[in-house]
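Everything below concerns the one structure shown next.
A short reminder: the numbers here are calculations on the coordinates, not readings from a lab. Bear in mind that the values here come from a model prediction, so they are computed numbers and not experimental data. Here the Cβ positions follow ideal geometry from the backbone for every residue, glycine too, while neighbour counts run over all protein chains shown.
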């Protein structure tokens, strides 16, 4: 037998004063009394028996010394060598992913897994150590290796629920690194996984050594939204498209209703009748300039709530003031600008004075896009400008001779300005030769003729972007082609910076990178759908946030009372494995081995010594009350 605390033997020295107290004789005090008649009568009736008196004192002394020996033995914490050899390192991996929130077992699969985990903790032996790992969204060590059962119980109870995916294989690998030490893998290692098996890597962990799987949940049908995305149309300025997908993860036919609303107003209702394991998907086309929050719902109560609702953010489209400067007027140019749903068009014959840059009262303070047809002021005023068939030069270019019947042989298809546009079959009888000055910077030629003359050029100057089209609209067929309105739409989006085309809804558990405005002057907070608040690093313009482990809308706000969000991110379940609540057929239930409660057999030796000491103290009290010992 060995001792974990040999210094506890020092307390055995207390036996010396105990023996001394029993050896010392108490000197009686003489007290005069009026008569000894009654004392003599009692003394004669009950004469003291000296041998029994000594035995009574000796028995009391032995009980006291035995009590002290038991306490000292407990303080030394004795143990046998076989206890060290039989000690286990147990890692409890609990699945807290989205599917574990299913309510097919009361109150939920996660709550049931915690109950099973508490039983496993109660079954630990004296020298066993246990760690707890959460296997949802990202593998996380909830509690390190310890044998203190109360600590393990508290940490297991505090494991949070999440809407993220399951990471079983990564969690088991983390458990292996946690229990291994410098001397190699211990002899008695056990990884117990509490899961419903609704994971992509479930089959992988079933083949691993030292892994025991404990299943929770029943085979339950579920209908879920597995995809919900919205984007602005590439052609319609106020149009948008919605990608939807609904899957019936059950073994029978299901009827339900799929609804979509924008800012609380219903915009689409689709009755669905889905066969077993059937998938329904569709792209819906709608129009709205205001944008806002799109919400999809399934009006069916099932075991999992997270995939019955999905959200997407539709970017707001701002109205754009446009000023057309044309001395002669061009019907095609005016009509293509008026046809754009977001354009607020004004037409003038002469350019405005340089001292008063053009503005439009429709959008207060927003830069007006100026379209110069033929006439170009010199110098070109600041602000975004579209120049078509310039007759004169300015501070950015000089105008040369006309190019007759140019053929487009070079086109930058990677530029967003040229998206869905082909100019190689367009008739352009006349075009202007341009020679750019150093003030123009580095021109970006989007379309060029066979002889090398630029026909469509973009200038990204600090005072405002400029797009130059050198083609004569009056003599060519470009205004009659679909490429012309598409080019105007692309140009307006380019001037707006391409903002608001797509704000992707992320899958739960994702990590993403965001841009922060005015990073040096403000502290930003990340607000989750469940009310949790996380501080973002101060003083940075770009930061990574996540994992976004809750479904709903996450928002980034300034750390100030009543501040509006500066950025919002939609987050949905969007995980087929988590929506399918039918566990694998081979998923085992809780067996006897992991949940075996050791009871008194698993207690350390010092525990039994303390129990014996208290029992002995009770025995001494009983004997003393019965006058068997003194």
Please report, in whole Å, how far the alpha carbons of the chain spread along each principal axis, starting with the longest.
-> 149, 60, 52
Descending packing, highest mean Cβ count within 10 Å first, for 223-229, 527-533, 387-393, 147-153 is 223-229, 387-393, 147-153, 527-533
Which percentage, to the nearest 5, of the DSSP beta bridges contained in region 78-234 is antiparallel?
-> 25 percent
Checked region 508-568 against the a/c 1.5 cut and the a/b vs b/c comparison, axes a ≥ b ≥ c from its Cα gyration tensor; verdict oblate
Region 235-286: C-alpha gyration tensor shape, a/c 1.5 cut-off, then a/b vs b/c = prolate
Run the quick spin-label model on residue 532 and residue 207: label points 7 Å from Cα toward the beta carbon, then report their separation in nm to one decimal.
-> 3.4 nm
Could you tell me how many degrees, from 0 to 90 and to the nearest 10, lie between the Cα long axis of helix 109-122 and the main elongation axis, the longest principal axis, of the Cα atoms of the chain?
-> 30 degrees
Cα-based Rg and Dmax for region 428-554, in Å, come out at 22.5, 64
Give the angle, between 0 and 90 degrees and rounded to the nearest 10, that separates the Cα long axis of helix 50-75 from the longest principal axis of the Cα atoms of the chain.
-> 20 degrees
Relative to the longest principal Cα axis of the chain, at what angle does helix 168-179 sit, 0 to 90 degrees, rounded to 10?
-> 40 degrees
Cα centroid of region 550-590 to Cα centroid of region 431-453, whole Å | 50 Å
Quickly work out the residue 405-to-residue 327 label distance, labels modelled 7 Å from Cα along the C-beta direction, and quote it in nm with one decimal.
-> 3.0 nm
Hey, any idea what the orientation-averaged projected area of the convex hull of region 320-495's Cα atoms comes to, in nm²?
-> 9.3 nm²
Sum of -39500 (n - 2.57) over DSSP H runs of 4+, divided by residues of the chain (222 nm, nearest 500) = -6500 deg cm²/dmol
